[in-house]
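Working notes, beginning with the structure itself.
The values are calculated or read from the model by the stated rules, or taken from the named source; none is laboratory data. Note that this is a predicted model, so its numbers are computed, not measured. Cβ placement follows ideal geometry from the backbone for every residue including glycine, while neighbour counts extend to all protein chains displayed. Side chains included, ligands, DNA and RNA excluded: accessible areas come from the protein's heavy atoms. Shrake-Rupley method; radii C 1.70, N 1.55, O 1.52, S 1.80 Å.
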Amino acid sequence: MTRSALRGTVYRGAVTAAVLLITGLVAVPAQAATAAQALHPAVAGGFGVAAAPAVKTPAVPAGLPAGIEPLSTYVGQTSCEVTDKPGSTALGKLLKATYPSSSFGVARACQVYMQSEHYDGRAVDWMNSVRIPAQAAQATALIKWLLAKDAAGNQYANLRRLGIMYMIWNNKIWEAYRASAGWTPYNNCAKTPAAGLDSACHRNHIHFSLSWEGAMKRTSYWTKKVAAHDYGPCRPADLNFAAPYVRPNASPCPRYAKVGAPAGASAAIVQLTKFSGAYLKPGSSGPGVTALQAALKIEQAGSFGPKTTAAVVKFKSTHGLGASPVMDQATWRKLLPVLFSAQKQAQKTAPKPAPKPTPAPVKPKPQNPLAPYKKSVLAYNSRGAGVTALQKVLKVSPASGWFGPVTKAAVIRFQKAKKLPATGVVDARTWAALGA
């Protein structure tokens, strides 16, 4: 779930049972119908509701404290540690125990084009489909249970005690940090009802993102003690992901611009920089591992197996970082500049391509010495440079520049040889035959 998606095009988890109630096509248990009416005013009349046994909801623990956690603020994903956090797992197991036919999932491999609390193990996808009436009814009942007041009048009591930050269901999203807004549209999903988009629009599951105190199972639902707000691990300025969670953090994290590769870096280093700081280790998978393998020039299998382990261990041992195969922050800080330095060195030492041979200069074709005179007409007694040039071509000696009897005789011989009228006059046809 991206931060921008949460603030913009988001549909805050609507309840499918509500839609089914409006149509009157599906019989929904009475308690679920009441929940649907509470969540969707359009069904306040209860049209199409048939009497049925109440849908079960999770048990509320005994011995809860009088105090309660405030509604969660938004703390987006900063780390890339694909490990199910204990509170996320506990919530999933609670839902599975209450609704045995359901299932859930938590952590996913990190991406770099969006944020999602799945990437740091504090989001739960609880699988229910709005297209299956029984599942829609139990989803409706659970949401009502989360948002209901407790005996002490605390609004959204169970949601707060579990540390749920926001939830997405059936084209809509509900955010604890904007609780007064209620359910709001998610990603324009109401206009894309096709079944092929059920996952993207959360019509086949409810997404729950947890606060860090909820994800670490420190909230009062589990501990009977009100948990302090936890901002989780903070991203450093020089890496794109924070280190894995270690301890509670009571201070908001500073915000930094995304880190980019230096100018001139190869495509592999550019891509790897996007994942800088990601916690990768044997068993990890996904595009971060693929980027690491590409930069290390090993097989890009997308899973952190023996070859990747060996390459990481070799690098860390060479640079005094120990022999652990884990890509931690110290390794990232060393690896990226080393790779870029190696790239620049390789570019310096790479043999330069042989220069292309310079073609021999083409000598300009000498101009025909008769060309300047080809528009003139020379005849007996003509004089000048044109006559001299003509005499040289016809090998008249001496080339005196006077068109006398010897020159005329030479012109007549040439004209006869070229089958031209033997006039003894050098006209345009004769000049052309001479190549002028």
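Name the residue farthest towards the positive end of the dipole of the chain from the options THR57, VAL270, PRO353, assuming +1 on Cβ of Lys and Arg, -1 on Cβ of Asp and Glu, about the Cα centre.
After comparing all options, I get PRO353.
Among CYS110, LEU378, PHE241, pick out the residue whose Cα is farthest towards the positive end of the charge dipole of the chain, where Lys and Arg carry +1 and Asp and Glu carry -1 on C-beta, about the Cα centre.
Highest projection toward the positive end goes to LEU378.
Roughly how big is region 247-315's charge dipole about its Cα centre, with Cβ charges of +1 (Lys, Arg) and -1 (Asp, Glu), in debye to the nearest 20?
For region 247-315, the charge dipole is close to 160 debye.
Under the definition of Cα pairs under 8 Å and six or more residues apart, what whole-number percent is the relative contact order of the chain?
Values: 837 pairs, mean separation 59.2, N = 436.
RCO, the chain: 14 percent.
What chymotrypsin sites (Phe, Trp or Tyr not before Pro) does region 74-183 have in DSSP loop regions with at most 11 other beta carbons within 10 Å?
TYR113
Membrane-span-like helices in the chain: DSSP H runs reaching 20 Å or more (Cα, own axis), mean Kyte hydropathy at least -1.0?
What comes out of the filter, once short or polar helices are dropped, is 133-147, 329-349.
Gap in Å between the Cα centre of region 342-369 and the Cα centre of region 394-436?
Distance between centres, Cα-based: 49 Å.
Candidates (1) 28.0; (2) 21.9; (3) 22.5; which is the computed Kirkwood radius over Cα pairs in Å?
Of the labelled values, this structure produces (1).
Run the dipole for region 341-429 about the Cα centre, Lys and Arg Cβ at +1, Asp and Glu Cβ at -1, nothing else charged, and hand back the magnitude in debye, nearest 20.
340
Take peptides 242-253, 399-410, 383-394 and line them up by average Cβ neighbours within 10 Å, highest first, as a rough protection proxy.
For the peptides 242-253, 399-410, 383-394, the packing ranking is 383-394, 399-410, 242-253.
Per 0.36 nm of contour for each residue apart, how much would the distance between LYS419 and LYS191 grow if the chain were fully extended, relative to their Cα-Cα spacing?
Computed gain between LYS419 and LYS191 is 72.9 nm.
How much accessible area per residue does the chain have, counting only protein heavy atoms and a probe of 1.4 Å, in square angstrom?
Details: 21300 Å² over 436 residues.
It amounts to 49 Å² per residue over the chain.
Quick one: grab the alpha carbon gyration tensor of region 146-245, order the square roots of its eigenvalues as a ≥ b ≥ c, and give me rounded if a/c is under 1.5, else prolate or oblate depending on whether a/b is larger than b/c.
Cα axes put region 146-245 in the oblate bin.
From the square roots a ≥ b ≥ c of the eigenvalues of the alpha-carbon gyration tensor of region 88-178, which class results: rounded (a/c under 1.5), prolate (a/b over b/c), or oblate?
Oblate is the answer for region 88-178, as a/c is 1.5 or above yet b/c matches or exceeds a/b.
Give me the percent of accessible area attributable to carbon and sulfur for the chain, probe 1.4 angstrom.
Values: 12710 of 21300 Å².
Answer for the chain: carbon and sulfur cover 60 percent of the accessible area.
Work out the length of the dipole vector of the chain about its Cα centre, built from +1 on the beta-carbon of each Lys and Arg and -1 on the beta-carbon of each Asp and Glu, and round it to the nearest 20 debye.
3160
For region 357-422, rounded, prolate or oblate, judged on the Cα gyration tensor with a ≥ b ≥ c (square roots of eigenvalues), a/c < 1.5 rounded, else prolate if a/b > b/c?
Details: a/c = 2.71, a/b = 2.06, b/c = 1.32.
Prolate is the answer for region 357-422, as a/c is 1.5 or above and a/b outweighs b/c.
Give, in nm to one decimal, the length gained when the segment between ALA62 and ALA263 is fully stretched (0.36 nm per residue of separation minus the Cα-Cα distance).
Roughly 66.4 nm would be gained on extension.
So what's the back-of-envelope 222 nm ellipticity for the chain, counting only DSSP H runs of four-plus at -39500 (n - 2.57) apiece and dividing by all residues, rounded to 500?
-9500 deg cm²/dmol
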